[in-house]
């Protein structure tokens, strides 16, 4: 009987933890990691701030978990695009378009994940996830080189370059100043311009044949 | 008289501040930002930890200043290479070689600047300095496009891509695991391989004519 009670509590704890993480991610999507405070989150979750620390030992750990969950979804989405059957050049272009489009759909969250200054625990996760992205690109580059469509001498280094180029390309357009400029109607790059330029940069960089206008999706 | 005493103290304070920053940078160059503690630094400087806070209000602020000074030297060195007279393609290649070589000379410091997980104050400086780097590349791209040697449609976005590609290319080779592997004699990329691959990636990405073996420096 004691065992059953423990199990029930464990389940409740897990559900509660899950709910907190979802609330936390919503806050980050709304106002970046800067908007994520233990006190604000506790209020939203209807619990005492002290109780929140039963689930997450620090704000840094909580932020790192929010980061990792949101980033894993992006890695999965990119992996699906890059791992699809078909021509490696097309898959690389599709993956980049998709990555940019997903970032564009949730700019505040994307900026928070890519570049917002935040606790070192999140920086650590950034390094880990950048390797996960690089791994996906390395697999595609390897396949493309084997099939003679990419010309790359250092696969892993080039994969890292792609990860860096993509992240940095998005920082500016997703940044708070760019979002503010857009809100007041100033001309800024739109998603199509950003992702076209990014695709051009990356395809050339790996020695891939460039898409012509008509075979572009 | 009171004024003169104040001035003398100001000078002493500045000299002391300078000395602390140099000691701090030496610690970061030796063990990364992780090795930088207010207590350790105070001991080295021969002062009480409390006195250190008269000069820097927090470890984050101190780390940010160390970061900014070291990064400014890199920006200046890169600016010199990219701003030299001559062919834009050659200047881009030279700038990349130089940047990689400088990072290689002081790997621990370079890794700390580029990627070590650290206080948000340093992350903020990273964003600022990445824009400074991007500005240098944008100027060169603009000139190269005007002279018909680069083919780039979005200058600023491509400049950002270059910054990201370069930083990310170096993270792996400079990272603690790579340094450890090298120390025990495992085969890892050497500086020449890294900078060759990086130059190839970046020159292609901006549509520049690639160097052939003989006109390469």
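Taking Cα atoms only, the orientation of helix A:155-174 departs from the longest principal axis of chain A by about 70 degrees.
Taking label positions 7 Å along the Cα-Cβ direction at both residue B:192 and residue B:39, the computed distance is 4.7 nm, reported to one decimal.
Rg and Dmax, both from the Cα atoms of chain A and both in Å, are 20.4, 69.
Peptide A:115-122 shows a mean partner chain C-beta count of 5 within 10 Å per residue C-beta. For the options B:179, B:17, B:57, a Gaussian network treatment of chain B with springs between C-alpha atoms closer than 10 Å singles out B:57 as fluctuating the most.
Between 0 and 90 degrees, the angle of helix A:120-146 with respect to the longest Cα principal axis of chain A falls at about 30 degrees.
Peptide A:149-160 has a mean shielding of 5, counted as Cβ atoms of other protein chains within 10 Å of each residue's Cβ.
Rg then Dmax, both in Å and based on the Cα atoms of the protein assembly as shown: 23.8, 84. Summary for residue A:85: label point 7 Å along Cα→Cβ; distances to the equivalent points in the other copies, ascending, 6.0 nm. Entry note, chain B: relative contact order of 20 percent, from Cα contacts under 8 Å with a spacing of 6+ residues.
Shape verdict for region B:43-163, please, from the Cα gyration tensor: rounded (a/c under 1.5), prolate (a/b greater than b/c) or oblate. It comes out prolate by the Cα gyration axes.
With a 10 Å cut-off around each Cβ of B:124-132, the average count of Cβ atoms from other chains is 2.
Across the identical copies, the 7 Å label point of residue A:54, projected outward along Cα→Cβ, sits 4.8 nm from its counterparts, in ascending order. Remark: label point of residue A:184 defined 7 Å out from Cα along the Cα-Cβ vector; separations to the same position in other copies 5.7 nm, ascending.
Laboratory data are not the source of any read-out in this text; all were calculated from the coordinates shown. Computed from a predicted structure; not experimentally measured. FYI the Cβ positions are ideal-geometry reconstructions off the backbone, even for glycines, and counts take in every protein chain you see.
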